[in-house]
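Accompanying notes for the structure given below.
The values are calculated or read from the model by the stated rules, or taken from the named source; none is laboratory data. A quick note: this is a predicted structure, and the numbers were derived from the prediction, not measured. As a convention, Cβ positions derive from the backbone with ideal geometry for all residues, glycine included, and neighbour counts pool all protein chains shown. We work out accessible area using only protein heavy atoms, side chains counted, and drop any ligands, DNA or RNA first. Shrake-Rupley method; radii C 1.70, N 1.55, O 1.52, S 1.80 Å.
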Amino acid sequence: RHINAVAFILLNMAVSDAVRFGAVYNVQTKELPDGDAAKALANLDKIYKSKSSAKKHELEQNFNDCKLNKEEKNPDEFFADLDKIRLQLQIDYDLKTYDDEKVKSHILYNVKPRIYETVIHVIKRDIDMGTVITLENLKEDLRRVYTQRYAEFKKEQHPETVLYAKEQYKKRLFKKVF
């Protein structure tokens with residue numbers, strides 16, 4: 001009861017419009033006259049979390065369209081986007097086809113900047129030779145390339161400036177004598 005009360009209070013704090021208000025406040029039961037947090041959350045899921053096949057196809061398309069195109073973009077942002085979509089597909093639609101192998105393949109063929117070309121070719125060669133490359137190892141290799149390049153890029157943008165004091169001498173003025 002105490003956990004339900006705390007959860008229900010937190011849900012109440014999240015309510016900001018009439019639709020959410022109705023979904024949260026219309027869940028009283030005999031056992032929980034102040035409100036059932038689990039039912040309130042289920043109501044919010046029904047309203048806001050579409051589980052239609054159109055939404056599933058949209059998520060799959062978003063996964064397939066997810067690419068790392070700019071070398072300035074941190075690869076961790078790319079990985080986070082992929083993981084978010086993958087997790088939604090696995091939880092909402094129970095799709096186990098989005099395993100580590102599919103994500104590795106997607107990463108290998110959708111990382112476009114030239115700075116990653118060498119590491120991608122080496123990883124593909126290693127896979128062809130039978131070396132086991134985990135998803136985390138792949139991510140770490142791409143992070144390493146980005147970190148090295150970003151450190152160089154940062155140095156180019158902001159070269160270190162050395163400040164020094166220079167003693168100035170008074171100019172001696174000589175007059176020409178003819």
In the set 116, 164, which member is of a type outside the set (D, E, K, R) and modelled with pLDDT of 95 or more?
116
Please give the number of the condition residue 9 fails out of (1) touching a helix residue (DSSP H, G or I) at 6+ places or on another chain (Cβ under 6 Å); (2) open to solvent by 30 Å² or more (accessible area, probe 1.4 Å); (3) among the aliphatic types (A, V, I, L, M).
(1)
Set 31, 72, 60: member being modelled with pLDDT of 85 or more and surrounded by fewer than 16 Cβ atoms within 10 Å (Cβ to Cβ)
72
Within region 109-135, take every residue that is charged (D, E, K, R) and farther than 16 Å from residue 146 by Cα and give me the one that is least open to solvent (accessible area, probe 1.4 Å).
126
Could you list, in sequence order, the residues of region 34-54 that are open to solvent by 60 Å² or more (accessible area, probe 1.4 Å) and either closer than 30 Å to residue 105 by Cβ or of a type outside the set (Asp, Glu) (or both)?
38, 39, 41, 46, 47, 48, 49, 51, 53, 54
